[in-house]
1. Taking only Cα atoms and a 10 Å spring cutoff, compute GNM fluctuations for the chain and point out the largest among 64, 97, 56.
2. Relative to the first principal axis of the alpha-carbon coordinates of the chain, what is the inclination of helix 117-141, with its axis defined by its Cα atoms, in degrees from 0 to 90 and to the nearest 10?
3. If the elastic network links every pair of Cα atoms under 10 Å, which of 32, 86, 115 fluctuates the most in the Gaussian network model of the chain?
4. What does a probe at residue 130 reach in segment 89-110, counting residues whose amide N is under 13 Å from the point 7 Å along Cα→Cβ?
5. With the calculation restricted to Cα positions, what are the radius of gyration and Dmax of the chain in angstrom?
6. Springs between alpha-carbon pairs under 10 angstrom, Gaussian network model over the chain: which of 123, 30, 15 fluctuates most?
7. Based on DSSP H runs of at least 4 residues, each adding -39500 (n - 2.57), what is the mean residue ellipticity at 222 nm of the chain after dividing by all its residues, to the nearest 500 deg cm²/dmol?
8. Extension gain residue 84-residue 61, at 0.36 nm per residue separation less the Cα-Cα distance, in nm?
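Any read-out appearing in this document is the output of simple, stated calculations on the displayed coordinates, not a laboratory observation. In this text, all values refer to a predicted model and were calculated from it rather than measured experimentally. Using ideal geometry, Cβ is built from the backbone for each residue, glycine included, and neighbour counts are taken over all protein chains shown.
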């Protein structure tokens, strides 16, 4: 089990991460995880969205900006875990998805930029719910118990992020 890096303790669910491992190389599973890694609804999208929101909200609301930066660090950890898993499955973890043998590279149009603190927080909560739905779908498609365990642990963080974002939404937008 892996512990939390100190910089993300308050934004990660308080449980250890499982060791990154796979039952066997599997190109199909790698393609499924590439969606979580660098698809439209993915860790790289969340990282870039939350960092952008952090940058533009720093002077508006330091508390929310700091939370967004902290959550982005947790998402970076998820991305690292997924990259290691994708490599073990036998695929290069480039920032792309593979659909019907075509590579589609990640791009910044996937990010919701927003206008106000409240619409950004609302979008961030929606992004977390969408990530949970994608992870649940991928858990159903993957039979590897090690990958299922990793996705379950990531889902715990995503629920925790919803809770943290909702606290800020209640505090500043209601």
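1. 56
2. Between the helix axis and the principal axis of the chain, the angle is about 20 degrees.
3. Looking only at 32, 86, 115, the biggest GNM fluctuation is shown by 115.
4. 107-110
5. Looking at the chain, its Cα Rg and Dmax stand at 15.9, 49 Å.
6. Among 123, 30, 15, the largest mean-square fluctuation in the Gaussian network model of the chain belongs to 15.
7. Taking each H run of at least 4 residues, the total per residue is -22000 deg cm²/dmol.
8. Gain on stretching residue 84 to residue 61: 4.8 nm.
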